[in-house]
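Colleague: Shown below is the structure under consideration.
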Amino acid sequence: MPLFGPVEHRNIGARTWYTFIYVVLTLGSVTMVYPFLLMLGSSVTTEIDFEDWRVIPAYLTDDTALFRKWMDDRYGDAFSIAKRVHRLSISTFRDIDTLPDFDVCDTHIQRRLTDWHDCAATLSDEYFVAFHRDLRRVRPTHRKFERWLSARYQGDIRKFNEEFFTAYVRFNEITPVEYYYSHKTRPDRSPLRQLYLEFRKSLPLEDLMPVLASYGFQDYLERHVGTLKDMNELFGTQYNAVAEILLPTERPREPGAWRDTWDTYVQKRFPLAFLRIEGNFDAAYREFLAQVHGDYDSRVRSYNAEHGTTFPLLAETRFSPVMPENDFEFADWVAFVDKQVPPEAKKLVTPEGLWRDWLKRKYGDLESVNRAHGTAWRTWDEVLPPAAEVDLAYFFNNRSHIRKEFFLRNYRYVLDYMVFHGRAAWNTLVLVTMTVLGHLTVQPLAAYGLSRFRLRYSHQILLILLATMAFPPTVAMIPNFLLIRELGLLNTYWALVLPGLASGMGIFLLKGYFDSLPRELYEAAMMDGAGELRMFTQITLPLSKPILAVLALGSFSAAYGGFMWAFLICQDPKMWTMMVFLWQLGRETYPSVWMASLVIAALPTLLVFIFCQKIILRGIIVPTEK
């Protein structure tokens with residue numbers, strides 16, 4: 001019945017009321033849709049822009065926001081390294097408000113990048129990392145490593161586990177072996193590290209970042225000297241930024257604070273794995289070993305006999321100019337280098353030093369380098385690898401690819417996690433199918449019996465069924481758990497389905513619907529000789545499609561979205577459903593990934609509702625005409 005008649009529609013008051021109603025309905029729809037749109041927008045963000053809470057994230061339209069996001073993703077927790085590489089004077093990546101002034105087409109920059117690419121091909125793998133530390137970050141490199149492993153082992157994780165004596169469930173659990181060197185760190189020669197280095201050779205130069213020795217030296221100065229002003233006062237210099245203070249590969253010649261700082265850093269902090277000793281220290285090393293171990297020859301004989309090695313006796317022992325990798329010599333070598341070897345004999349083998357040597361061999365002098373690279377270096381000690389240029393060239397040449405990667409990353413990760421992590425997708429499918437079929441079998445049969453046979457105590461039965469709704473489901477969890485355990489059904493599909501197979505509310509609704517169906521249809525069917533089962537399947541169920549659709553949707557939603565019971569009754573991860581795995585995912589990843597998982601989890605329910613909406617809407621109103 002309309003609020004106003006045909007004549008009243010032209011009245012200004014009626015039009016005002018209609019306008020008010022439409023405005024209220026529009027605002028109500030916005031309040032319902034806007035939170036979902038916010039969830040969609042935040043699901044394609046990362047940690048740096050998650051808290052912006054925008055329906056359309058800024059990086060989709062703004063290159064500056066994209067660069068800020070990409071820098072945070074590339075360097076992760078290594079913000080100090082990003083500051084050194086790009087000479088940034090900011091506190092966080094969020095403070096980046098402008099794009100760098102960078103010309104991708106500059107011929108000097110292209111020449112610089114080409115030279116660095118050729119030089120990097122000659123350097124050791126230990127001078128590079130493919131990503132910086134962030135335990136919860138999922139970079140493209142991780143996914144490339146996962147695909148590479150899957151292809152190498154034909155998708156069979158068991159082959160990998162047998163080769164490396166591990167117990168991984170899937171390939172994306174295997175962590176890439178990246179690490180940073182400390183003073184006494186030895187190169188990792190483990191099989192897993194060598195496998196990862198083999199994979200890393202397939203990556204382009206843009207995915208590899210050189211770890212320059214000057215970065216560690218600058219961190220050391222900030223911790224032990226203080227601010228830039230303190231450094232200039234100590235060294236008598238006029239640096240404009242800490243990033244300008246570079247670590248020389250050889251000991252400074254002039255005595256003073258600068259040389260003393262170099263000596264202390266090399267002795268206590270510089271990775272000995274990248275140190276080369278120049279000069280002959282054989283005699284001093286033998287004397288040192290004799291003082292430390294007493295009867296050194298007896299120690300050598302005992303070790304050789306126990307380990308099957310052939311280390312020489314004291315008289316034939318030679319000092320290695322580089323760090324030994326075996327356990328027998330390592331500790332003595334380190335102690336001798338730190339305590340006995342003079343600083344002037346120590347030569348640092350660093351990426352920046354090797355880059356300078358490569359340029360010297362190709363161009364001869366610094367002036368030729370400046371002409372080729374468009375730089376203005378004054379001394380060789382100022383020359384650094386073009387790490388910033390590599391970053392910027394990749395960003396400006398691949399903005400559309402980077403934008404697409406950020407837009408799809410969280411969803412790719414969630415889908416991989418749900419589909420391939422254990423049997424979550426299969427378990428959920430089995431649970432939903434069994435629950436819906438069970439509800440559409442048990443509850444209609446019970447309701448049909450109460451409706452058709454008019455039992456004297458049917459009213460009491462309905463009261464008992466409705467009384468079960470007075471208690472929250474959590475109250476019955478412990479008794480149900482104990483019962484399932486006594487029956488030996490833990491970690492089975494029956495444990496998930498049986499406790500909720502019948503619903504008092506569902507039976508009550510179905511009985512009311514069945515009561516409204518015309519009795520004449522059943523009388524005519526009985527006169528034709530139809531039995532109860534035939535009448536149930538050919539009359540009651542076809543006429544009850546709307547209410548059955550409502551019941552099926554409720555059963556689907558309860559089974560699909562159920563978390564606590566599935567988590568309690570199935571403690572074996574192999575029996576976890578998708579909701580349990582998504583809960584686990586939320587604890588391991590960033591909130592933006594969690595938002596993406598919620599969007600994906602909501603899609604099946606939304607699709608089911610859209611598919612069945614016409615039938616469901618007809619079932620909202622119980623028929624009253626006979």
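Colleague: What residue, among those in region 382-413 that are acidic (Asp, Glu) and touching a helix residue (DSSP H, G or I) at 6+ places or on another chain (Cβ under 8 Å), is surrounded by the most Cβ atoms within 10 Å (Cβ to Cβ)? Don't jump to the end; show me each part of the working.
Modeller: Initially, region 382-413 is screened for residues acidic (Asp, Glu), giving 382, 389, 391, 405.
From what is left, the residues that are touching a helix residue (DSSP H, G or I) at 6+ places or on another chain (Cβ under 8 Å) are 389, 391, 405.
On the way: Glu389: 20, Asp391: 22, Glu405: 16.
Within region 382-413, the match that is surrounded by the most Cβ atoms within 10 Å (Cβ to Cβ) is Asp391.
Colleague: Go through region 368-413 residue by residue and tally those that are within 27 Å of the chain's Cα centre (by Cα) and assigned to a loop (DSSP other than H, G, I, E, B).
Modeller: Residues meeting the conditions: 1.
Colleague: For region 414-426, give me each residue that is touching a helix residue (DSSP H, G or I) at 6+ places or on another chain (Cβ under 6 Å) and either free of Cβ contacts under 8 Å to residues at least 12 places away in the same chain or part of a helix (DSSP H, G or I) (or both).
Modeller: Val414, Tyr417, Met418, Val419, Ala424, Ala425
Colleague: Looking only at region 144-169, how many residues end up being closer than 20 Å to Thr589 by Cα and buried (at least 16 other Cβ atoms within 10 Å of the Cβ)? Break it down stepwise before answering.
Modeller: Step one: of region 144-169, the residues closer than 20 Å to Thr589 by Cα are 144-146, 168-169.
Pick out the ones that are also buried (at least 16 other Cβ atoms within 10 Å of the Cβ) and you get 144-146.
So the count comes out to 3.
Colleague: Taking the criterion of being part of a helix (DSSP H, G or I), touching a residue at least 60 places away in the same chain (Cβ under 8 Å) and touching a Pro at 6+ places or on another chain (Cβ under 9 Å), would at least one residue in region 343-351 satisfy it? Talk me through it step by step, then tell me what you get.
Modeller: Kept after step one, since they are part of a helix (DSSP H, G or I), are these residues of region 343-351: 343-345, 351.
Next cut, touching a residue at least 60 places away in the same chain (Cβ under 8 Å) only: 343-345, 351.
Pick out the ones that are also touching a Pro at 6+ places or on another chain (Cβ under 9 Å) and you get 351.
Yes, that holds for at least one residue.
Colleague: Same structure again: If Leu392 meets every condition in (1) modelled with pLDDT of 85 or more; (2) over 30 Å from Asp103 (Cβ atoms); (3) of a type in the set (A, V, I, L, M, F, W, C) apart from one, which number is that one?
Modeller: (2)
Colleague: Taking the condition buried (at least 18 other Cβ atoms within 10 Å of the Cβ) and either of a type in the set (Ser, Thr, Tyr) or out of contact with any Lys or Arg (no Cβ under 9 Å at 6 or more places or on another chain) (or both), does Thr141 pass?
Modeller: Details: buried (at least 18 other Cβ atoms within 10 Å of the Cβ): yes; either of a type in the set (Ser, Thr, Tyr) or out of contact with any Lys or Arg (no Cβ under 9 Å at 6 or more places or on another chain) (or both): yes.
Judged against the criteria, Thr141 is a match.
Colleague: Related question: Take region 275-313 and flag every residue that is under 29 Å from Ala345 (Cα atoms) and of a type in the set (Asp, Glu).
Modeller: If the condition is that a residue be under 29 Å from Ala345 (Cα atoms) and of a type in the set (Asp, Glu), then Glu278, Asp282, Glu287, Asp295, Asp297 are the ones that fit.
Colleague: Same structure again: Could you grab the pairs with beta carbons closer than 6 Å, sequence gap of 6+ or different chains, first residue in region 249-273 and among the β-branched types (Val, Ile, Thr), second one surrounded by 16 or more Cβ atoms within 10 Å (Cβ to Cβ)?
Modeller: Here the result reads Thr249/Leu348; Thr249/Thr350; Thr249/Gly353; Val266/Lys346, each pair linking region 249-273 to a residue that is surrounded by 16 or more Cβ atoms within 10 Å (Cβ to Cβ).
Colleague: May I ask you to verify whether Glu222 is in a loop (DSSP other than H, G, I, E, B), surrounded by fewer than 17 Cβ atoms within 10 Å (Cβ to Cβ) and over 27 Å from the mean Cα position of the chain (by Cα)?
Modeller: Values: in a loop (DSSP other than H, G, I, E, B): no; surrounded by fewer than 17 Cβ atoms within 10 Å (Cβ to Cβ): yes; over 27 Å from the mean Cα position of the chain (by Cα): yes.
Here the answer is no, as Glu222 does not meet what is asked.
Colleague: Ile616 - would you say it is assigned to a helix (DSSP H, G or I) and at pLDDT below 80? Break it down into steps so the answer makes sense when it comes.
Modeller: Numbers: assigned to a helix (DSSP H, G or I): yes; at pLDDT below 80: yes.
Here the answer is yes, as Ile616 does meet what is asked.
Colleague: Six or more apart or on different chains, Cβ under 9 Å: which pairs go from a residue in region 162-191 that's among the aliphatic types (A, V, I, L, M) to one that's assigned to a loop (DSSP other than H, G, I, E, B)? Could you list them?
Modeller: Val169/His421; Val169/Gly422; Ile174/Thr166; Ile174/Tyr168; Val177/Asp188; Val177/Ser190
Colleague: Quick one: how many residues across region 64-101 are touching a helix residue (DSSP H, G or I) at 6+ places or on another chain (Cβ under 9 Å), exposed (fewer than 15 other Cβ atoms within 10 Å of the Cβ) and either basic (Lys, Arg) or farther than 24 Å from Ser214 by Cα (or both)?
Modeller: 6
Colleague: Same structure, new question: Residues that are in contact (Cβ under 8 Å) with a residue 60 or more places away in the chain and in contact with a His (Cβ under 7 Å, 6 or more places away or on another chain): does region 278-292 have at least one?
Modeller: No, every residue in region 278-292 fails to be in contact (Cβ under 8 Å) with a residue 60 or more places away in the chain and in contact with a His (Cβ under 7 Å, 6 or more places away or on another chain).
Colleague: Quick one: Asp188 ticks every box in (1) within 29 Å of Tyr220 (Cα to Cα); (2) modelled with pLDDT of 90 or more except a single one, so which number is it?
Modeller: (2)
Colleague: Additional query: Have a look at Ser182, Ser214 and point out the one that is surrounded by fewer than 16 Cβ atoms within 10 Å (Cβ to Cβ) and of a type in the set (Ser, Thr, Tyr).
Modeller: Working: Ser214 fails: surrounded by fewer than 16 Cβ atoms within 10 Å (Cβ to Cβ).
After applying the criteria, what remains is Ser182.
The values are calculated or read from the model by the stated rules, or taken from the named source; none is laboratory data. Predicted model, so just to flag it, every value in this text is computed and none were measured. Backbone-built Cβ (ideal geometry, glycine too); neighbour counts: all protein chains shown.
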